[in-house]
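The values are calculated or read from the model by the stated rules, or taken from the named source; none is laboratory data. Remember, it's a predicted structure, so these values are computed and weren't measured experimentally. Because the Cβ atoms are built from the backbone with ideal geometry, glycine has one as well, and the counts that use them run over all protein chains shown. Quick note on the areas: whole protein, heavy atoms, side chains included, nothing else; ligands and nucleic acids left out. Shrake-Rupley method; radii C 1.70, N 1.55, O 1.52, S 1.80 Å.
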Amino acid sequence: MENTTETTGTIETTETAGAAETAATAAFAAADVVRYPIAPGHRVNVRSGPGTQYRIIRTLPYDVRVPVYCQKPGERITGPYGTTALWDNIADGEFVSDAYVRTGTDGYVAPRCS
């Protein structure tokens with residue numbers, strides 16, 4: 001059975017209130033994510049894992065900025081920002097080499113992916 005609460009002439013269900021709270025939390029978390037630029041003049045392959053042996057999911061367009069949710073070690077890659085084995089998780093199951101992402105450091109800028 002669904003609980004209801006009447007406030008200022010409107011009826012709000014606890015189910016609706018919970019959904020609104022979840023949406024607000026998700027929006028706040030998304031606002032906290034830092035987006036980093038991909039190296040200018042490069043269209044970078046997004047892969048299903050941290051290495052070139054993983055399938056290409058898509059290719060990023062020029063001049064895009066990507067979120068980095070977590071990072072993990074993988075295949076060593078040389079790119080515009082040096083040589084690194086660090087891979088950036090930019091979406092669920094999507095990775096790009098940190099050698100193509102200008103994070104401002106050679107180290108981790110996000111938690112390690114599990």
- Within the range 79-108, count every residue that is part of a strand (DSSP E or B) and among the polar types (S, T, N, Q). 4
- Query: Hey, among the residues in the range 82-94 that are open to solvent by 20 Å² or more (accessible area, probe 1.4 Å) and under 16 Å from residue 39 (Cα atoms), which one's nearest to the chain's Cα centre (by Cα)?
  - Reply: 84
- Given the conditions (1) modelled with pLDDT of 95 or more; (2) among the small types (Gly, Ala, Ser); (3) exposed (fewer than 11 other Cβ atoms within 10 Å of the Cβ), which single one is not true for residue 79? (3)
- Message: For the structure I just gave you, tell me whether residue 36 is surrounded by 14 or more Cβ atoms within 10 Å (Cβ to Cβ), modelled with pLDDT of 95 or more, aromatic (Phe, Trp, Tyr) and outside any loop (DSSP other than H, G, I, E, B).
- Response: yes
- Do we have residue 46 as modelled with pLDDT of 95 or more and either open to solvent by 60 Å² or more (accessible area, probe 1.4 Å) or part of a strand (DSSP E or B) (or both) here? yes
- Query: Quick one: which of 26, 30, 19 is under 29 Å from residue 79 (Cβ atoms), outside any loop (DSSP other than H, G, I, E, B) and either open to solvent by 80 Å² or more (accessible area, probe 1.4 Å) or modelled with pLDDT under 55 (or both)?
  - Reply: 30
- Query: When both residues are 6+ apart or on different chains and their Cβ atoms are under 8 Å apart, which pairs have a first residue that lies in the range 57-78 and is closer than 16 Å to residue 40 by Cβ, and a second that is among the acidic types (Asp, Glu) and open to solvent by less than 60 Å² (accessible area, probe 1.4 Å)?
  - Reply: 66/88
- Task: Please find, among 112, 55, the residue that is loosely packed, with under 13 Cβ neighbours inside 10 Å, basic (Lys, Arg) and within 21 Å of residue 32 (Cβ to Cβ).
- Result: 112
